[in-house]
Amino acid sequence: MDQIISPNDMQAVIDADKAHVWHHLTQHKAFETGDPRVIVEGKGMRVWDARGKEYIDAVAGGVWTVNVGYGRASIADVVRDQLLRMNYFAGAAGSIPGAKFAERLISKMPGMTRVYYSNSGSEANEKAYKMVRQIAHKHKGGKKWKILYRERDYHGTTIATLATSGQAERAMQYGPFPDGFVMVPHCLEYRKQWDVEEYGQRAADAIEEVILREGPDTVGAIVLEPVTAGGGVIVPPKGYWERVQEICRKYDILLHIDEVVCGLGRTGTWFGYQQFGIKPDIVTMAKGVASGYAAISCTVTTEAVFDYFKADAADPMSYFRDISTFGGCTSGPAAALENMRIIEDEGLLDNTTRMGERLMGNLGRLMERHKVVGDVRGKGLFCGAELVADRKTKEPLAEKTVAAVVAECAAQGVIIGMTNRSIPGLNNTLCLSPALIATPDDIDAITNAMDKALTKVCS
Ligand SMILES: Cc1ncc(COP(=O)(O)O)c(C=O)c1O
């Protein structure tokens, strides 16, 4: 790391942070005796903290975001040029990068045609919920206003998106929540709820049971993560998605896929849903769209969904009246265009598939060596290892022991993640989502650190 500021000035930064910054998802009592982690530089897969310690970042910025890695000068350059030419105008007008990125994005999403811009995953999902509600009011006789979501999935931090939190700890103490959001069971076969052969089909049938209980004419949409992220890295079992689609068609229910983590490229295809042959009506995305170089999220729809909002031009209330001030920032689509070019030109989708296989292979070997590893799951560079105190009973390993494994990896210079403040009693899955540029050496360095940490903490 270059010396960017003097040690004294760096201490002043740490002191200012401790005194004034309120960090997300953080209990601050610990900073009365210790320092917060302050990250000051990044290059490729690596980051450096304020003390100069180097880490391999196995979680792409902590929350599966920096897909093309740190220090991309070409993204910085296009954003700078764009900001100087035209930084902002409200989204009722178009922009050059906004139009170009929408066209490019849609070219990777057969069946989808429209892109609505905003700035975070929560917002993108909330826009989708508003679309579903407005369609219900205007076109479905005031019916079909309920939105189903799945146990263990997460869709954001606003009150409405928390109303669709399948992760109880995320929502606790923030209620009451608005009506009309209904949970369906999760599909994690490792923690089976039905003792059947065709688990995917059975878990999807459980959605139909909820629809029939609620009344099909009241249900407008279902929102699902293609691969559940913070709820434990859950790849739906075989047969699941086919049945989900069948159910959606049967009851005229819009299928909203939340790609906030899987898009773009994380699983080895542009989108997670493309791994499973899903034909969605609405797709939302955020984190990997511009790899964290600018804030951007997108709510993407089919033309059929879009058409609902232009069907009655005589009614001044019939179009989508959502407002997103910063959806008009041009830095987002400018960065996103360059991010996509990098993924394409550097062959990062193929790399993700290859490195994902290596990572899953290494995790499988960790499972052979450490009996605390109860299950390993993943798709592409989006993987998890569930830790258990007892393989037979599947009793989850205590959260503080899982946290000790994460801390030991960090001490060795590798940042990994874990499910946290998510499912009560089940915050026991280690999470990995390295940048899509990872090399075989990076992957091995990550799992070697995990191997040492599991030996030190759990044996
Ligand atoms: C699947 C999923 N959807 C939505 C969100 C919310 O995104 P944001 O934090 O950008 O609002 C997240 C954030 O972690 C997520 O994992």
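The values are calculated or read from the model by the stated rules, or taken from the named source; none is laboratory data. Everything quoted here is computed from the prediction, not taken from an experiment. Counting neighbours? That spans all protein chains shown, and the Cβs are built from the backbone with ideal geometry, glycine included.
Structure notes:
- Test: residue in the stretch 72-81 that is of a type in the set (D, E, K, R), assigned by TED's automatic domain parsing to the domain that holds TYR273, within 16 Å of the ligand (Cβ to nearest atom) and modelled with pLDDT of 95 or more: no
- Residue match in the stretch 73-95 (condition: outside any helix (DSSP H, G or I), buried (at least 16 other Cβ atoms within 10 Å of the Cβ), touching a residue at least 24 places away in the same chain (Cβ under 8 Å) and more than 22 Å from the chain's Cα centre (by Cα)): yes
Yes/no per residue for (1) surrounded by fewer than 11 Cβ atoms within 10 Å (Cβ to Cβ); (2) assigned to a strand (DSSP E or B):
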position	(1), (2)
ASP9	yes, no
VAL13	no, no
LYS18	no, no
ALA30	yes, no
ARG37	no, no
GLU41	no, yes
TRP48	no, yes
TYR55	no, yes
GLY61	no, no
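- Flag if THR269 is buried (at least 24 other Cβ atoms within 10 Å of the Cβ) and within 24 Å of PRO236 (Cα to Cα): no
- For GLN275, the conditions (1) within 12 Å of the ligand (Cβ to nearest atom); (2) touching a Pro at 6+ places or on another chain (Cβ under 8 Å); (3) of a type in the set (S, T, N, Q) all hold with the exception of (1).
- Against the numbered list (1) in a loop (DSSP other than H, G, I, E, B); (2) within 16 Å of the ligand (Cβ to nearest atom), ILE257 comes up short only at (1).
- Test: residue in the stretch 383-393 that is part of a helix (DSSP H, G or I) and without any contact (Cβ under 8 Å) to a residue 60 or more places away in the chain: no
- The condition of being surrounded by 19 or more Cβ atoms within 10 Å (Cβ to Cβ) and at pLDDT 95 or above holds for only one of ASN427, ASN448, that being ASN427.
- Condition check for LYS143: farther than 15 Å from THR299 by Cα and not in a helix (DSSP H, G or I): yes
- Positions within the stretch 365-391 being aromatic (Phe, Trp, Tyr) and surrounded by fewer than 20 Cβ atoms within 10 Å (Cβ to Cβ), in sequence order: none
- Pairs linking a residue in the stretch 115-132 that is closer than 9 Å to ILE296 by Cβ and outside any strand (DSSP E or B) to a residue that is within 12 Å of the ligand (Cβ to nearest atom) and acidic (Asp, Glu), with Cβ atoms under 8 Å and 6 or more positions apart or on different chains, do not occur.
- Members of the stretch 285-314 that are of a type in the set (A, V, I, L, M) and more than 16 Å from the ligand (Cβ to nearest atom): ALA304, VAL305, ALA311, ALA313, ALA314
- A residue that is acidic (Asp, Glu), at pLDDT 95 or above and either in contact with a strand residue (DSSP E or B) (Cβ under 8 Å, 6 or more places away or on another chain) or farther than 20 Å from THR439 by Cβ (or both) can be found somewhere in the stretch 319-327.
- Where a residue in the stretch 46-64 is more than 12 Å from the ligand (Cβ to nearest atom) and its partner, wherever it lies, is charged (D, E, K, R) and not in a strand (DSSP E or B), with Cβ under 6 Å and at least six apart: ASP49/ARG37
- Whenever a residue of the stretch 21-34 is free of Cβ contacts under 8 Å to residues at least 12 places away in the same chain, its partners that are among the hydrophobic types (A, V, I, L, M, F, W, C), lying with C-beta atoms within less than 8 angstrom and at least six residues away or across chains, give the pairs HIS28/TRP22.
- Tallying residues that are surrounded by 22 or more Cβ atoms within 10 Å (Cβ to Cβ) and either aliphatic (A, V, I, L, M) or within 16 Å of the ligand (Cβ to nearest atom) (or both) within the stretch 212-252 yields 18.
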